[in-house]
Amino acid sequence: MCKRPAGTTCPPNQPLATVTPVPSNPSTCNAGILIAPGVISSPNYPSTYDSNTNCTYQLATLGSYNIILKFDIFSTEENTEFVSVYDGDSTNADLLGTFSGYFYKSFSLVSSGNNLFITFTSNNVNNFAGFSASFSSYVYRL
């Protein structure tokens with residue numbers, strides 16, 4: 001890629017720019033702050049996650065928006081592997097819920113502010129597909 005005025009051509013020996021494609025389904029486990037909209041998933045999803053996985057996901061949106069988090073798929077070992085969702089930017093925030101097992105229908109959670117913090121913990125016994133969830137900005141109206 002060359003910088004040039006409009007209407008002129010680049011020299012033929014100019015090197016080409018390399019573009020790395022975005023992974024088709026990144027888990028974003030421990031990736032830092034993720035700005036809405038987006039998708040999070042357990043590592044290796046839709047294949048099984050690894051034993052002894054510990055992941056955090058920090059979701060944020062701008063300004064006075066809330067975040068709606070929709071779990072489309074959820075399958076973990078019941079009562080031993082957990083996803084916890086906190087209404088803020090850390091585990092010190094209020095707990096919205098802790099989830100484990102298999103959910104046949106999608107379910108959603110809405111933050112009270114512009115942050116959500118999620119943890120995922122697995123053990124070393126049975127591994128499942130895990131979860132996939134989308135998140136986006138949301139205007140909560142009373």
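Summary of values
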item: Residue tally, condition farther than 19 Å from Leu59 by Cβ and exposed (fewer than 12 other Cβ atoms within 10 Å of the Cβ), over region 79-104; result: 2
item: Residues of region 105-142 classified as among the polar types (S, T, N, Q), surrounded by 15 or more Cβ atoms within 10 Å (Cβ to Cβ) and over 16 Å from Ser41 (Cβ atoms), total; result: 4
item: Among the residues listed as Ile67, Ile73, the single one being among the aliphatic types (A, V, I, L, M), surrounded by fewer than 18 Cβ atoms within 10 Å (Cβ to Cβ) and part of a strand (DSSP E or B); result: Ile73
item: Search result, residues across region 120-142 that are outside any loop (DSSP other than H, G, I, E, B), small (Gly, Ala, Ser) and more than 15 Å from Ala36 (Cβ to Cβ); result: Gly130, Ser132
item: Flag if Ser90 is closer than 19 Å to Asn124 by Cβ and of a type outside the set (Val, Ile, Thr); result: no
item: Of all residues making up region 76-119, the number that are in a loop (DSSP other than H, G, I, E, B), under 18 Å from the mean Cα position of the chain (by Cα), more than 21 Å from Tyr65 (Cβ to Cβ) and of a type outside the set (S, T, N, Q); result: 1
item: Qualifying residue in region 42-56 (condition: assigned to a strand (DSSP E or B) and in contact with a Lys or Arg (Cβ under 9 Å, 6 or more places away or on another chain)); result: no
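The numbers here are math on the coordinates, done by the rules we state, and not lab data. Owing to the predicted nature of the structure, the values given are computational and were not obtained by experimental measurement. Reconstructed Cβ throughout: ideal geometry from the backbone, glycine too, with neighbour counts over all protein chains shown.
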